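Q: My structure is below; once you've seen it, I'll send some questions.
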Amino acid sequence: QVQLVESGGGSVQAGGSLRLSCAASGYTSSSNCMAWFRQAPGKQRVGVAVIRRDGTTSYADSVKGRFTISQDNAKNTLYLQMNSVKPEDTAMYYCAGRAGPADRTWYAGCMFGAWGQGTQVTVSS
């Protein structure tokens, strides 16, 4: 089974930076799309950024120009560099990958069904 473990969340002031990490096991992360999702209290989980196996990336309009998704294939680790953070970035952030044919989440041309436990990001003003 695919296992994803996020880390790096915490509290940061508006305008600051934070880097999230996701350690993947059970498969080589470079073989599939990997993504970051986030969910604020009372709201739906939404896609934030995705990196595809060919290295191309896509971002939600709300984070474009501020966040960068990257992947270290040798370490099977996914990253989300968050710069110029805003209070509206406050959410639980989840790492996502493909689990198998029963995957139900479609985002940026990829299917996702494996999820990490989440890491909380809180941006204060």
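The values are calculated or read from the model by the stated rules, or taken from the named source; none is laboratory data. Note that the coordinates shown come from a computational prediction; the quantities given were computed from them, not determined experimentally. A quick note on method: Cβ atoms are made from the backbone with ideal geometry, for glycine too, and the neighbour counts reach across all protein chains shown. We work out accessible area using only protein heavy atoms, side chains counted, and drop any ligands, DNA or RNA first. Shrake-Rupley method; radii C 1.70, N 1.55, O 1.52, S 1.80 Å.
Q: In region 1-24, which residues are open to solvent by 20 Å² or more (accessible area, probe 1.4 Å) and either closer than 19 Å to CYS110 by Cα or charged (D, E, K, R) (or both)?
A: Across region 1-24, the qualifying residues are GLN1, VAL2, GLN3, ARG19.
Q: Can you confirm whether region 24-31 contains a residue that is assigned to a strand (DSSP E or B), in contact with a Cys (Cβ under 8 Å, 6 or more places away or on another chain) and of a type in the set (Gly, Ala, Ser)? Outline the logic, then answer.
A: First pass over region 24-31, keeping only residues assigned to a strand (DSSP E or B): 24-25.
Next, from what is left, pick out any that are in contact with a Cys (Cβ under 8 Å, 6 or more places away or on another chain): 24.
Next, only the ones that are of a type in the set (Gly, Ala, Ser) stay: 24.
Yes, region 24-31 has at least one match.
Q: OK, next. If a residue has to be small (Gly, Ala, Ser), open to solvent by 30 Å² or more (accessible area, probe 1.4 Å) and either at pLDDT 95 or above or not in a loop (DSSP other than H, G, I, E, B) (or both) to count, how many in region 67-107 make the cut?
A: Filtering region 67-107 for residues small (Gly, Ala, Ser) gives 70, 74, 84, 91, 96-97, 99-100, 102.
Checking the rest, the ones that are also open to solvent by 30 Å² or more (accessible area, probe 1.4 Å) come to 70, 74, 84, 99, 102.
From what's left, either at pLDDT 95 or above or not in a loop (DSSP other than H, G, I, E, B) (or both): 70, 74, 84.
Counting residues in region 67-107 that are small (Gly, Ala, Ser), open to solvent by 30 Å² or more (accessible area, probe 1.4 Å) and either at pLDDT 95 or above or not in a loop (DSSP other than H, G, I, E, B) (or both) gives 3.
Q: Residues being among the hydroxyl-bearing types (Ser, Thr, Tyr) and in a loop (DSSP other than H, G, I, E, B): count how many of those fall in region 108-125.
A: Step one: filter region 108-125 for residues among the hydroxyl-bearing types (Ser, Thr, Tyr), giving 119, 122, 124-125.
Restricting the remaining residues to those that are in a loop (DSSP other than H, G, I, E, B) gives 125.
Matching residues across region 108-125 total 1.
Q: Of all residues in region 46-66, count the ones that are buried (at least 17 other Cβ atoms within 10 Å of the Cβ) and either closer than 20 Å to MET92 by Cβ or within 10 Å of the chain's Cα centre (by Cα) (or both).
A: Residues flagged as buried (at least 17 other Cβ atoms within 10 Å of the Cβ) and either closer than 20 Å to MET92 by Cβ or within 10 Å of the chain's Cα centre (by Cα) (or both) within region 46-66 amount to 8.
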